[in-house]
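Read the structure below first, then the notes.
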């Protein structure tokens, strides 16, 4: 099914570790970009469901599209959601490209494990050595738990950083 939320779990875990060096919004936008081709196949009934977009070569090309279109879209979305009250909403171009690349690559990786029609190494190989590397329930659990644990780690790190900044301000500028 296109636009599955399970793909966001690993992104949340990556965000927890990399914090401001990774954009979860651009990562999420990359997930949507990756599934446009399967959605069109589902609507029209024509084509290969997980076609070229679900290869690492296709993902590399789509990561450029996701970064170029997602950087400003993500910044606007963060401001619209009011996130800028809590943290910086500027996303640098390197962060946008890195986040989009990780988003597209993990999308191919996760779908290759689950779907028999994904050919991740096309045009070099038409086989999928990643298929059934994990069972579908185990893959879903990995995505779910990585998101839950990543979310918890993200908020603990953010709380700790705010607390540390507050302590630094109090010791630097005693009143």
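Rule-based calculations on the coordinates, nothing more; no lab input. Owing to the predicted nature of the structure, the values given are computational and were not obtained by experimental measurement. When we count neighbours, we look across all protein chains shown, and the Cβ atoms used for this are built from the backbone with ideal geometry, even at glycine.
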The percentage of Cα-Cα pairs in the chain separated by more than 30 Å is 25 percent
Could you state the per residue volume, in Å³, of the convex hull enclosing the Cα atoms of segment 123-175? 117 Å³
With each label point set 7 Å from Cα along the Cα-Cβ vector, what nm distance links residue 153 and residue 117? 3.5 nm
Quick check: pseudo-label points 7 Å beyond the Cα along Cα→Cβ at residue 165 and residue 60, how many nm apart are they? 3.8 nm
Stick to Cα atoms and the Kirkwood definition of Rh, then tell me Rg/Rh for segment 49-99. 1.12
With runs of 4+ DSSP H residues as the only contributors, calculate the mean residue ellipticity of the chain at 222 nm using -39,500 (n - 2.57) per run, divided by the residue total and rounded to the nearest 500. -22500 deg cm²/dmol
Quote to one decimal, in nm, the extra length available between residue 46 and residue 141 on full extension: 0.36 nm per residue of separation minus the C-alpha distance between them. 31.0 nm
Put a dot 7 Å past each Cα toward the Cβ at residue 131 and residue 93; how far apart are the dots in nm? 4.1 nm
